[in-house]
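Only the coordinates and a few stated rules stand behind these numbers; no lab work does. Quantities reported herein were computed from a predicted structural model and do not represent experimental measurements. All Cβ positions, glycine included, derive from the backbone under ideal geometry; neighbour counts span all protein chains shown.
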Number of protein chains: 2
Amino acid sequence: MNMESDFHMAKGEGETSYVNNSRIQQKALLETEVVLEKAVREVLCMDLHQPAMTVVDLGCSSGQNTLFFVSKVIKVAGHDSDEKSRCNPVELQFFLNDLPGNNFNHVFRSLERFKESITARHKGNTLLPPFYIAGLPGSYYTRLFPRQSCHLFHSSFCLHWRSRVPAGLEEGGREYLNEGNIYIANTTPAGVAELYQRQFQNDMLLFLKLRYEELVFGGQMVLTFLGRKYEDIYNDGHLNHPWGLLARSLQSLVEEGLVNKEKLDSFNLPIYTPSINEVKAVIGQSELFNVSHITLFDSNWDPHDDSQGDDAHNTIQSAINIAKSLRAVFGPLLASHFGESLLNEIFKKCAHYVTEHLAERGEGKYLLICLSLKRT
Amino acid sequence: MNMESDFHMAKGEGETSYVNNSRIQQKALLETEVVLEKAVREVLCMDLHQPAMTVVDLGCSSGQNTLFFVSKVIKVAGHDSDEKSRCNPVELQFFLNDLPGNNFNHVFRSLERFKESITARHKGNTLLPPFYIAGLPGSYYTRLFPRQSCHLFHSSFCLHWRSRVPAGLEEGGREYLNEGNIYIANTTPAGVAELYQRQFQNDMLLFLKLRYEELVFGGQMVLTFLGRKYEDIYNDGHLNHPWGLLARSLQSLVEEGLVNKEKLDSFNLPIYTPSINEVKAVIGQSELFNVSHITLFDSNWDPHDDSQGDDAHNTIQSAINIAKSLRAVFGPLLASHFGESLLNEIFKKCAHYVTEHLAERGEGKYLLICLSLKRT
């Protein structure tokens, strides 16, 4: 699997597209906007050393969420230059980053309408700061910018993705270490779980080092990604992600003879959901950033269920919603390994197992870590 | 016609695509590379006031030419940091700019291979400076960057495009002023030619003002675009561009009843080819730039004819080549006005009239102005 060239969200603007199935990601943006606002304000009041404030969204994807972030920063910058007057008016240079497989054309073609709507929204109220939006293709596990040229990095619902399937798990010729699973499950050997942990540590350390080089002194990062509540890597599975149910869907396709067993055994998700302590440990080890803020919050698996409780009100409809949101994210990855033609079957099974799960255990919850860091 | 959203080169990678029909544009890049090299060297040796040198290609399009420019700048920057040692090693931040209709996805997806090839080419010879490539959608007749954030602008084979069909020529409800023509031809009224000239002056003045704001003091621009040899706006028609033959193709489709006469009368190309004196006059009027270099050179209409003479060796093949290269550039514009279904017919006619022209008058020549400017 070549993450840089093959990995992307579900394309197009149809029923199964990411564009139309990214409400969970949007809710995370709303949940964390206070943290983002604070970081933007603080950066706006520093000496920028440059004619403009450089703001980067890492893993921007393509859809309304991409520009939601941009409009948020513009709003704060406009408001602060106008009313508080302690910060100078500023021009904003945005970079929207994602892997080269992302549909940047879609983002770029929506900019004209976005600019019109934001001009209309700011009319008469607050100052609209001049802003410029560029697209930057590339993995955030590589250098993306000249040294000390950025002021603020943002990344939402992305940093649980690893740079690769954990090293040691994908080597050819060896037996499959994580048989029947696609992530850490109850039957995953401890050695495999350690490979996942090590991959997280290496990736996160690399990420911090790269962004440290690119940020100006005092620059900030606001990062939101899937995490775990408990330290026990096995205990959190069913609360935390529905990928165990996705594995079960694939297992049942193996039983029906539609998927080759080896095909399943050789597939592992390039993902890891750390606990807060694991995140803090890597940041401490790096000695490059101070943690201004760190919290854990949850979000229902069902993107359209905004209730606070643990009950799924309509398990069948919820399961359909959940399967659709999983397909928008994992569909292309599964298609490239198992074949496009199996996608409908995989997510039909998935909806079935999610329904069962919701009936037995109630609404599942994603756990998200929101983190605000300041460069030392 | 909405230039910002509708205008682009012929898409895809097929036989009629711009990607496969942009050799004329490539030849202009080769012809002007000495001028570009000089500008890059001079900018590299100034105080950049920023951690990196910001280099912008305006109207980058999508294809090999886009990255040819990038590789040229990298080569000069690498060479200069390594051998001459009077200039500091530098990081390069590239912005590839074009209208939002441009296929940025295609450019972005070719970057991985580009990086590999450039790393291989620099191996052992010269230092490869770190470089980062972003895409920036938008018209260069608007502000694209924060103030004083750029060091070098480049634009090749683009600035003959106007921001719009000349003001006054496209107004609804009035009679058509440039009947039967699509640009300035012998039967074009003097008033229409003046509208074209005025549009050029306004656009060019705006362009200079915008770039002046975006460039640092001492920043440079290298601009190559179609121009005229003689001051007489009517005299240069057949030497200078084959759009008169394109108009004749459309006229003959009107005669055959395939195109409505009003459809032709209402169409005018948003283009203008100034003389060197006209260009100098606008720059002088702006008082924003000093001219370091200005030349006129010619290039055969036939992209595959590299000979110096005036004879077309194989008029039929040359005419086919010329019609293809015209279609790659003007095809989308003609399709949006006359309908996609007429394109084959238009360019079949066009090849016919070009053949006639070549037999009567020999190989046609484009005239190109290459201009190097320094910000005051």
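Going by amide H atoms built from the backbone, whose H comes under 5 Å of the H on B:F95, apart from near neighbours?
Answer set, sorted by chain and number: B:V55, B:V56, B:D57, B:A134.
In debye, nearest 20: dipole of the protein assembly as shown around its Cα centre with unit charges on the Cβ of K, R (+) and D, E (-)?
The dipole magnitude comes to about 1260 debye.
Using a simple charge model, +1 on the beta-carbon of Lys and Arg, -1 on the beta-carbon of Asp and Glu, nothing else, what dipole does segment B:3-375 show about its Cα centre, in debye to the nearest 20?
For this selection, approximately 980 debye.
A:R109 to A:M46: extension gain in nm, 0.36 nm per residue of separation minus the Cα-Cα distance? Display every interim value, and only then the final one.
Values: separation 63, 0.36 × 63 = 22.68 nm, distance 3.32 nm.
Taking A:R109 through A:M46 to full extension adds about 19.4 nm, to one decimal.
Say a label goes 7 Å from Cα toward Cβ at A:E116 in every copy; what distances in nm does this one have to the rest, shortest first?
Ordered by distance, the counterparts are at 4.2 nm.
Out of all DSSP beta bridges in the protein assembly as shown, what portion is antiparallel? Express it as a percent rounded to 5.
45
Counting alpha carbon pairs within less than 8 Å and at least 6 residues apart, what relative contact order, in whole percent, applies to chain A?
Relative contact order comes out at 22 percent.
Please work out whether segment A:230-376 counts as rounded, prolate or oblate from its C-alpha gyration tensor, where a ≥ b ≥ c are the square roots of the eigenvalues and a/c under 1.5 means rounded, while otherwise a/b larger than b/c means prolate and anything else oblate? Write out the running numbers ahead of the final one.
Numbers: a/c = 2.41, a/b = 1.50, b/c = 1.60.
It is oblate, given that a/c is not under 1.5 and a/b is not larger than b/c.
Relative to a virtual label point 7 Å from the Cα of A:N260 in the Cα→beta-carbon direction, which members of segment A:318-342 show backbone nitrogen distances below 17 Å?
A:334-342
List residues of segment B:146-188, by number, whose backbone nitrogen lies under 14 Å from a label position 7 Å along Cα→C-beta of B:L288.
So the set is B:146-150, B:153.
Can you pull the percent of Cα pairs in the protein assembly as shown with separation above 37 Å?
That tail contains 48 percent of the Cα-Cα pairs.
I'd like to know which of B:I294, B:N202, B:S163 lies farthest towards the positive end of the charge dipole of the protein assembly as shown, counting +1 on Cβ of Lys and Arg and -1 on Cβ of Asp and Glu.
Value: B:I294.
If you count, for every residue in A:49-61, the Cβ atoms of partner chains within 10 Å of its Cβ, what is the mean?
Across A:49-61, the average partner-chain Cβ count within 10 Å equals 2.
Please rank A:M46, A:M3, fewest neighbouring Cβ atoms within 10 Å first, as an exposure proxy.
A:M46, A:M3
Using each residue's phi in segment B:64-69, evaluate 6.51 cos²θ - 1.76 cosθ + 1.60 at θ = phi - 60° and report the 3J(HN,Hα) Karplus result to the nearest Hz, with x for Gly and Pro.
After applying 6.51 cos²θ - 1.76 cosθ + 1.60, I find 5, 4, 3, 8, 4, 4 Hz.
How much of the DSSP bridge set in chain A is antiparallel, in percent, rounded to the nearest 5?
45
Quantify how strongly other chains surround peptide B:90-99 by giving the mean number of their Cβ atoms within 10 Å of each of its Cβ atoms. Let's see the in-between values first.
Details: counts 1, 5, 1, 5, 0, 3, 2, 1, 1, 1.
So the per-residue partner count for this stretch is 2.
Run the quick spin-label model on B:T295 and A:K280: label points 7 Å from Cα toward the beta carbon, then report their separation in nm to one decimal.
In this crude spin-label approximation the distance works out to 6.7 nm.
If each label sits 7 angstrom from Cα along the C-beta direction, how far apart, in nm, is A:G168 from its counterparts in the other copies?
Those label-point separations list as 7.6 nm.
Could you pull out every one of the lysines with an alpha carbon less than 20 Å from that of A:K209, ignoring same-chain neighbours closer than 8 positions?
Within the straight-line limit of under 20 Å, A:K209 reaches these lysines: A:K280, A:K374.
With a bin width of 10 angstrom, please list the P(r) values of segment A:3-375 as percents of all Cα-Cα pairs, from the 0 bin to the one holding the largest distance.
Per 10 Å bin, starting at zero, the Cα-Cα P(r) for segment A:3-375 comes out as 5, 23, 33, 25, 11, 3, 0 percent.
Taking +1 at the Cβ of each Lys and Arg and -1 at the Cβ of each Asp and Glu, which of B:Q317, B:L371, B:S110 sits farthest along the dipole of segment B:3-375 towards its positive end, judged by Cα position relative to the Cα centre?
It is B:S110, whose Cα lies furthest towards the positive end.
Hey, which aspartates and glutamates would be in cross-link range of B:K11, C-alpha to C-alpha under 17 Å, not counting anything within fewer than 8 residues on its own chain?
Output for B:K11: B:D98, B:E340.
Kindly state, to the nearest 0.05, the FRET efficiency for A:S341 paired with B:E15, given R0 = 35 Å and r defined as their beta-carbon distance.
0.65
Label-to-label distances across copies for B:Q201, with labels 7 Å out along Cα→Cβ, in nm, shortest first?
7.2
Please go through the residue pairs B:K75/B:K115; A:K72/A:K324; A:K72/A:K229 and name each one whose alpha carbons sit more than 21 Å apart in this structure.
From B:K75/B:K115; A:K72/A:K324; A:K72/A:K229, over 21 Å: A:K72/A:K324; A:K72/A:K229.
So how tilted is helix B:343-361 from the main axis of chain B? Cα-based, degrees 0 to 90, rounded to 10.
That works out to roughly 90 degrees.
Rounded to the nearest 0.05, what FRET efficiency do B:E356 and B:R198 have when you use their Cβ-Cβ distance and R0 = 22 Å?
0.05
With unit charges on the beta carbon (Lys/Arg positive, Asp/Glu negative), name the residue among B:Y272, B:G339, B:L127 whose Cα is farthest towards the positive pole of the charge dipole of segment B:3-375.
Working it through, the farthest residue towards the positive pole turns out to be B:L127.
May I ask you to evaluate 6.51 cos²θ - 1.76 cosθ + 1.60, the Karplus curve with θ = phi - 60°, for each residue of segment B:70-76 and list the ³J(HN,Hα) values in order in whole Hz, giving x for glycine and proline?
4, 5, 4, 5, 4, 4, 5
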